[in-house]
Amino acid sequence: MTSISLDFAHVTHWVFDLDNTLYPPEVRLFDQIETRMTRWVMDELSVDEAEANRLRVHYWEQHGTTLAGLMREHGVDPHGYLHDVHDISFAQLDPDPALRARIERLPGTRIVYTNGSAPYARNVLAARGLSDLFDGIYGVEHAEFHPKPDRTAFEHVFGKAGITPKSGAMFEDEPRNLAVPHAMGMKTVHVAPASVPEDHIHHHTDDLSGFLAQVLNEPFPEATPAPTS
């Protein structure tokens with residue numbers, strides 16, 4: 001077995017973030033959501049675009065997400081917000097049969113946990129050909145609208161999903177969202193183009209499917225022989 005497969009040999013609870021984790025970041029799907037979030041803040045708070053973007057950065061830094069900031073500082077109802085900002089096109093997403101096959105082979109419980117909404121997550125999974133792979137799909141609504149990286153959010157979702165952190169692994173593109181899972185005893189994998197040297201990150205990959213192949217101890221494909229003249 002490879003060192004990576006050995007490191008995950010005890011894992012029977014697999015937790016996957018959604019955006020920029022179960023699809024490649026170069027798709028830039030989240031750009032559409034950010035545009036709609038900015039517009040939503042502009043309309044709700046009657047501010048211009050520059051101020052809306054400043055507030056969104058403030059909310060993200062202080063509260064974890066734009067929605068959390070809107071709820072805590074302005075008492076915004078989350079349901080309409082979640083529906084509106086996730087009303088986007090999924091046309092740029094393609095199915096990934098190799099990723100599907102590898103997730104399907106992971107032993108035990110598999111869930112998706114996103115700071116977005118569960119209906120939005122289902123749309124993304126359908127476009128990626130990843131539907132029906134997971135034992136549960138959890139959005140911020142399942143965490144009583146507490147966002148990652150709050151420990152309360154993880155406790156809500158892991159409790160509902162029956163996740164045992166010490167036999168779990170978390171895959172996530174946002175480094176700060178891995179700190180609590182690490183503290184809870186999970187294996188943590190940062191899925192992003194560039195690595196971030198943090199003590200709470202066990203592994204980094206820019207290729208989730210390829211990393212799961214190593215977790216599953218899949219044999220490396222044989223090299224294709226060079227053509228002969």
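The values are calculated or read from the model by the stated rules, or taken from the named source; none is laboratory data. The shown structure was predicted, so the numbers you read here are calculated from the model rather than taken from an experiment. Because the Cβ atoms are built from the backbone with ideal geometry, glycine has one as well, and the counts that use them run over all protein chains shown. Side chains included, ligands, DNA and RNA excluded: accessible areas come from the protein's heavy atoms. Shrake-Rupley method; radii C 1.70, N 1.55, O 1.52, S 1.80 Å.
If you take the square roots of the eigenvalues of the alpha-carbon gyration tensor of region 77-191 and sort them as a ≥ b ≥ c, do you get rounded (a/c under 1.5), prolate (a/b over b/c) or oblate? Show your work: numbers first, answer last.
Values: a/c = 1.79, a/b = 1.09, b/c = 1.64.
Note, shape of region 77-191 comes out oblate.
Classify region 139-178 as rounded, prolate or oblate from the Cα gyration tensor: take a ≥ b ≥ c as the square roots of its eigenvalues, call it rounded if a/c is under 1.5, otherwise prolate when a/b beats b/c and oblate if not.
Numbers: a/c = 1.98, a/b = 1.05, b/c = 1.88.
Cα axes put region 139-178 in the oblate bin.
Hey, what number do you get for the chain at 222 nm if only DSSP H runs of n ≥ 4 count, each worth -39500 (n - 2.57), divided across all residues, to the nearest 500? If you can, show how the numbers build up before the last one.
On the way: 10 runs with 97 residues, N = 229.
Helix-only estimate at 222 nm: -12500 deg cm²/dmol.
I'd like the distance between the alpha-carbon centres of region 7-80 and region 83-116, rounded to an integer number of Å.
Computed from Cα coordinates, the inter-centre distance equals 17 Å.
Please give the per residue accessible area of region 96-169, computed with a probe of 1.4 Å over protein heavy atoms only, in Å².
That works out to 40 Å² for each residue.
Residue farthest toward the positive end of the dipole of the chain, with Cβ of Lys/Arg at +1 and Asp/Glu at -1: which of PHE154, GLY116, LEU67?
PHE154
Based on DSSP loop calls and a cut-off of at most 15 other Cβ atoms within 10 Å, the longest stretch of the chain free of exposed GluC sites (Glu not before Pro) is what? Write out the running numbers ahead of the final one.
Numbers: sites that count: GLU144, GLU198, GLU222.
That would be 1-143.
Under a point spin-label approximation (7 Å from Cα along Cα-to-Cβ), what is the SER3-HIS74 distance to one decimal in nm?
My value for the distance between the label points is 4.9 nm.
Taking amide H atoms as placed 1.01 Å from N in the peptide plane, list the residues 5 or more away in sequence, or in a different chain, whose amide H sits under 5 Å from that of HIS204.
For HIS204, the qualifying residues are HIS190.
Which of the listed residues, ALA126, HIS79, THR35, is farthest toward the dipole's positive end in region 22-161, when Lys, Arg count +1 and Asp, Glu count -1 at the beta-carbon?
In region 22-161, that residue is ALA126.
May I ask you to give the percent of accessible area on region 98-161 that is carbon plus sulfur, with a probe radius of 1.4 Å? Don't skip to the answer; put the middle values down first.
Working: 1070 of 2450 Å².
C and S atoms contribute 44 percent here.
Let a ≥ b ≥ c be the square roots of the eigenvalues of the Cα gyration tensor of region 1-80; is it rounded (a/c under 1.5), or, if not, prolate (a/b larger than b/c) or oblate?
Details: a/c = 3.30, a/b = 2.33, b/c = 1.42.
In terms of gyration-tensor shape, prolate.
Using the crude model of +1 on Lys and Arg Cβ and -1 on Asp and Glu Cβ, and no other charge, please compute the dipole size for region 33-72 relative to its Cα centre, in debye to 20. Could the numbers behind the result be given before it?
On the way: 5 positive and 7 negative charges, 31 e Å.
Roughly 140 debye for region 33-72.
Relative contact order for the chain using alpha-carbon pairs under 8 Å, separation at least 6, rounded to a whole percent? Let's see the in-between values first.
Values: 341 pairs, mean separation 55.6, N = 229.
That works out to 24 percent.
How large is log10 I(q)/I(0) at q = 0.07 Å⁻¹ when the Debye formula is applied to the Cα atoms of the chain, each weighted equally and without solvent?
-0.24
Measure off 7 Å from each Cα along the Cα-to-Cβ vector at ASP94 and SER46, then give the distance between these two points in nanometres to one decimal.
The modelled label-to-label distance comes out at 4.8 nm.
Charges only on Cβ, +1 for Lys and Arg, -1 for Asp and Glu: so what's the dipole of the chain about the Cα centre, in debye to the nearest 20? Could the numbers behind the result be given before it?
Details: 18 positive and 34 negative charges, 136 e Å.
Dipole about the Cα centre, nearest 20: 660 debye.
Report the paramagnetic label zone for ASN217: residues of region 1-20 whose backbone N is under 17 Å from a point 7 Å from Cα along the Cα-to-Cβ axis.
1-12
Just going by the charge dipole of the chain, with Lys and Arg at +1 and Asp and Glu at -1 on Cβ, which of ASN20, SER167, GLY136 is farthest out on the positive end?
SER167
Given points 7 Å out from each Cα along the Cα-Cβ axis, report the SER167 to GLU141 separation in nanometres with one decimal.
Taking the two extended label points, one gets 3.1 nm.
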